[in-house]
Amino acid sequence: MTANRVVRLARRPVGTIKPEDFEIGDEPVPEPGPGEFRVRLEYLSLDPAMRGWINAGRSYIRPVEIGEVMRGYAAGHVEVSDHPDYKVGDAVAGLFGAQTHAVSDGRGEIMKVDTALAPLPRWIGGLGMPGRTAYFGLLEVGQVKAGETVVVSAASGAVGAIVGQLALIHGARAVGIAGGPDKCTYLVDELGFDAAVDYKAGDLAAQLDAACPDGIDVYYENVGGEILDAVLPRMNRFGRIPVCGLISSYNATEPPPGPRNFRSVLVNRLKIQGLIVFDFAERYAEATSRLAEWHAAGKLKIREDVRDGGLDAFVDTLNLLFTGGNFGKLVLRL
């Protein structure tokens with residue numbers, strides 16, 4: 001390759017992301033210096049968090065600045081190296097950004113991966129950041145116990161599908177909320193969820209009552225909005241709600257209304273805690289090892305939705321996350 005294809009933030013989006021919000025073009029391929037290596041990136045992870053990263057204002061991580069390479073997890077192979085721990089041909093995954101080539105000194109969110117154990121896209125999906133988010137969110141924040149009922153929204157997505165399967169591995173019931181019969185059938189027939197609720201089918205409250213006759217002990221929140229309102233009155237006493245995402249409001253131009261059933265937090269003594277995977281950075285190796293072990297044993301199934309088109313398709317593909325157009329972990333082939 002003679003050029004580095006790069007996605008840079010051109011302006012702060014208002015509402016749905018538009019092509020004009022980014023500049024996509026060719027730049028010189030970066031050259032690694034002493035103690036660095038260059039990666040030819042092959043897959044880019046598309047995650048709901050990207051929408052928040054390009055907003056101005058205080059958050060859990062600094063915003064991507066205007067003119068900066070779009071932040072993103074990617075995976076590829078080392079093609080040039082002056083680093084003792086990274087050899088030419090090594091498969092790597094990490095926070096390399098939305099570009100076709102990246103230089104790194106090996107520090108930060110970078111790791112070598114084993115493509116004999118799982119294909120490269122999986123290391124930025126179920127065995128990468130989304131898998132780690134599910135792991136720490138359910139086991140540490142959710143404190144799931146055997147015999148409990150776990151409900152997860154966006155259940156067929158990158159994080160939700162892992163959450164439900166981890167609940168099953170730990171002896172809990174898993175109930176997934178997803179959009180459409182195909183996704184709900186996938187949750188039950190392919191992943192082994194105990195029940196699935198189709199939020200697009202209407203009567204969400206009645207569906208939740210049927211799927212959770214003994215109430216809900218852990219609700220893994222990825223969506224917010226009307227789904228959270230439906231879940232809150234059905235939480236059991238001392239239930240836990242890890243808040244991983246609120247994707248229903250990410251493109252909102254006005255502040256969304258607060259939960260209408262917030263009184264349930266008081267009545268049922270609920271614990272609601274925000275979940276940012278970066279807080280567990282020192283334990284990433286633990287999560288990756290456990291997830292890989294369960295995956296190798298056939299206990300953890302992982303599905304990717306890999307799209308073609310390269311970085312020129314970045315905006316259109318990213319927007320699939322906010323319309324439910326993806327089925328599984330959304331990945332862009334570079």
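The values are calculated or read from the model by the stated rules, or taken from the named source; none is laboratory data. These numbers come from a predicted model, not from an experiment. Please note: Cβ atoms are built from the backbone with ideal geometry, for glycine as well, and neighbour counts cover all protein chains shown.
Go through the residues of region 35-52 one by one and say whether even a single one is over 24 Å from the mean Cα position of the chain (by Cα), assigned to a loop (DSSP other than H, G, I, E, B) and over 19 Å from residue 251 (Cβ atoms). For region 35-52, residues over 24 Å from the mean Cα position of the chain (by Cα), assigned to a loop (DSSP other than H, G, I, E, B) and over 19 Å from residue 251 (Cβ atoms): present. Residues in region 286-309 that are aliphatic (A, V, I, L, M) and free of Cβ contacts under 8 Å to residues at least 60 places away in the same chain: 297 alone.
The set of residues from region 290-310 being loosely packed, with under 13 Cβ neighbours inside 10 Å and closer than 28 Å to residue 100 by Cα comprises 308, 309. Going residue by residue through region 42-52, is there one that turns out to be crowded, with 21+ Cβ neighbours inside 10 Å, touching a residue at least 60 places away in the same chain (Cβ under 8 Å) and polar (S, T, N, Q)? Yes, because at least one residue in region 42-52 is crowded, with 21+ Cβ neighbours inside 10 Å, touching a residue at least 60 places away in the same chain (Cβ under 8 Å) and polar (S, T, N, Q). A residue that is of a type in the set (Gly, Ala, Ser) and closer than 21 Å to residue 128 by Cα cannot be found anywhere in region 8-19. Among residues of region 267-285 that are part of a loop (DSSP other than H, G, I, E, B), those with a Cβ under 6 angstrom from a residue that is at pLDDT 95 or above and charged (D, E, K, R), sequence gap 6+ or separate chain, pair up as 268/237; 269/237. Only one entry of 239, 202, 215 meets the criterion of being modelled with pLDDT under 95 and outside the structural domain of residue 324 (by TED's automatic domain parsing), and that entry is 202.
Remark: pairs (first residue in region 83-99, without any contact (Cβ under 8 Å) to a residue 24 or more places away in the chain; second residue surrounded by fewer than 20 Cβ atoms within 10 Å (Cβ to Cβ) and aromatic (Phe, Trp, Tyr); Cβ separation under 6 Å; 6+ apart in sequence or on different chains) are absent. What about residue 323, is it surrounded by 17 or more Cβ atoms within 10 Å (Cβ to Cβ) and β-branched (Val, Ile, Thr)? Criteria not met by residue 323. Listed by first and then second residue, the pairs linking a residue in region 165-194 that is crowded, with 17+ Cβ neighbours inside 10 Å and at pLDDT 95 or above to a residue that is of a type in the set (Phe, Trp, Tyr) and not in a helix (DSSP H, G or I), with Cβ atoms under 8 Å apart and 6 or more places separating them unless they lie on different chains, are 168/193; 174/193; 175/193; 176/193; 183/327; 186/327; 187/193.
Just one residue in the set 274, 310, 325 is of a type outside the set (Phe, Trp, Tyr), within 30 Å of residue 17 (Cα to Cα) and at pLDDT below 95; that residue is 325.
State all residues of region 87-109 that are under 18 Å from residue 31 (Cα atoms) and touching a Gly at 6+ places or on another chain (Cβ under 6 Å); if no residue qualifies, say none. Within region 87-109, 97, 98, 105 meet the criteria.
Given the criteria free of Cβ contacts under 8 Å to residues at least 40 places away in the same chain and touching a Pro at 6+ places or on another chain (Cβ under 9 Å), does residue 247 qualify? Step through it out loud before you land on a result.
Numbers: free of Cβ contacts under 8 Å to residues at least 40 places away in the same chain: no; touching a Pro at 6+ places or on another chain (Cβ under 9 Å): yes.
Considered against the rule, which asks whether it is free of Cβ contacts under 8 Å to residues at least 40 places away in the same chain and touching a Pro at 6+ places or on another chain (Cβ under 9 Å), residue 247 comes out as no.
Residues that are in contact with an Asp or Glu (Cβ under 9 Å, 6 or more places away or on another chain) and either assigned by TED's automatic domain parsing to the domain that holds residue 183 or assigned to a loop (DSSP other than H, G, I, E, B) (or both) within region 286-299 comprise just one, 299. Residue 139 meets the conditions (1) under 17 Å from the mean Cα position of the chain (by Cα); (2) in the same structural domain as residue 213 (by TED's automatic domain parsing); (3) crowded, with 19+ Cβ neighbours inside 10 Å in every case but one. The failed one is (3).
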